Every structure is written in C-alpha cells, then in structure tokens.
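The values are calculated or read from the model by the stated rules, or taken from the named source; none is laboratory data. What you are looking at is a predicted structure, and each value in this text was computed from that prediction instead of being measured. As a convention, Cβ positions derive from the backbone with ideal geometry for all residues, glycine included, and neighbour counts pool all protein chains shown. For the accessible areas, the whole protein counts, side chains as well, though only heavy atoms, and no ligand, DNA or RNA atoms are used. Shrake-Rupley method; radii C 1.70, N 1.55, O 1.52, S 1.80 Å.
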Amino acid sequence: MMINTPTNPLAGKHLVFLGSSVTYGSASGGESFADFIGIRNHCRITKEAVSGTTLVDEGSDSYIARLKKLDRNENADIFVCQLSTNDASLKKPLGCISDSVDMDRFDTKTVVGAVEYIAAYAGAVWDCPVVFYTNPRYKSEEYDRMVALLHRIAAKWNITVIDMWNDAVFCALGTAEQAWMADSIHPTRAGYLEWWTPYMELALRALLT
C-alpha cells in the first residue's frame, strides 16, 4: 500500500470520477479502482457513477445530467471521466467534432458532442487536468471508433486520455489472468486491485508532477 509521503503527488488531493458500471465497480461489490486509489494514496475522491448510463444526454442519469449536479464550488485537482461502453453497446450516434468551443453548440445527443461538453465543462468549472479513460480491448467496433474519436477530441481540448484499449501489453495481462475480469467489460475486485489500480495511479500521478 502506498503511504502519504511528499513524493506522492496524489496524497491529500481531491479526485472527481464520473462514469457508469466500470467506475462504480459493479462486479466488485461497488468498489472500483477509484476507491482503491483514494485509499492507497490518502486522497479524497468523489465518485459519481451509475451503472447502465450513457455519455449521450438522455435523461436524469446521463453523464452530463449528473455532472451538472456536482458542486461547482468544490475544489478538484483531477477530473476523470469514463468513456462509457454503454454508448457502444446501445449503438448511440457518434456525431462529429465541432469547430466551436461554445458548449451550447455541442450536440450532446451524440457521443462526440457529449464528450466535448464534459471536457469543456469540467475544465471551465474546476480548472484542473481533465482525463478520459477507456476500457481495455474487447470485441466492439463501435467502441473502437469511440476511442479513435476521443483522441481527436483530446487534441482539440488538450485533455489526457488513459488509453487501456490500445495498450497491447496491458490488455494481454488481463487476457492471461482470467480472474481479473467478470466478463468482457467489468473487472473483478482482484482485477481492479492488481491490474487497473496501479496502472491508473501511475497515469494520474504523472499529471501532478
């Protein structure tokens, strides 16, 4: 377990996580890498995660609706959003990257418009590093397209992508250790603790150094 030392940049920080079942930890008793990062690094987390929800703005449980309910006056040191697999499995429209930076002009009924809105909103409200993370690879052409578009959005907005999808070595570890995944999308508790958490920790710590 990591300890609170001056060399750990996450210690004492506030990390905000937005997502669905993978961020929630639906196959891990409601605990995910987000919770374990908080414990291991002695940092505070806000985890706004609801299983089955989408980036595409379609109601009170969508990512954007829940994002707007977070306290705007609360300090955040890093904002982390899941690139939801639900949008891929439900075949939500991808949309196109806007030539605008005006949040009111984004089509949040599409995946791209929703991602742009979240990136713009989080950056404007909390003025902190904004991160999107992907799932490791599984069989989904739709999600593959979402990941490719996410990198283009990241270049526009200067945000960070923690890309497990395209990390062949990381994905191979998960394939070899079957106890780490409950299904093709959701890690087990062991998967979060032994596989995802160290990976995410390294990426998030690098943002603050």
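Quick notes on this one:
- Summing Cβ point charges (Lys, Arg +1; Asp, Glu -1) relative to the Cα centre of segment 1-61 gives a dipole of roughly 420 debye.
- Rule-of-thumb Rg ratio for segment 109-209 [Cα; 2.2 N^0.38 Å; N residues]: 1.15
- Beta bridge orientation in the chain: antiparallel %, DSSP, nearest 5: 5
- Filtered trypsin sites (Lys or Arg not before Pro), segment 1-82: DSSP coil and at most 12 other beta carbons within 10 Å: R72
- For the chain, accessible area per residue (1.4 Å probe, heavy atoms of protein chains only), Å²: 45
- The order of the peptides 94-101, 195-202, 109-116 by mean Cβ neighbours within 10 Å, most packed first, is 109-116, 195-202, 94-101.
- Expected 222 nm ellipticity per residue - DSSP helices of 4 or more, -39500 (n - 2.57), all of the chain, to 500: -11000 deg cm²/dmol
- With the simple model of a label 7 Å out from the Cα in the direction of the Cβ, K156 to A179 spans 4.4 nm.
- Tensor-based shape of segment 1-73 (alpha-carbon gyration tensor, a/c under 1.5 rounded, otherwise prolate or oblate): oblate
- Cβ-Cβ distance of N166 and L208, R₀ of 22 Å, FRET efficiency by 1/(1 + (r/R0)^6): the value works out to about 0.40.
- Relative contact order (%) - criterion: Cα under 8 Å, at least six apart; region: the chain: 22
- Trypsin sites (Lys or Arg not before Pro) within segment 135-182: DSSP coil, no more than 14 neighbouring Cβ in 10 Å: K139
- Averaged over residues, the count of other Cβ atoms within 10 Å places the peptides 173-181, 117-125 in the sequence 117-125, 173-181, highest first.
- Estimated dipole of segment 1-113 in Debye, rounded to 20 [Cβ of Lys and Arg +1, of Asp and Glu -1, Cα centre]: 220
- Linear extension gain, E141 paired with S89, 0.36 nm per residue minus alpha-carbon span: 17.7 nm
- Surface share of carbon and sulfur [accessible, 1.4 angstrom probe, percent] for segment 86-209: 54
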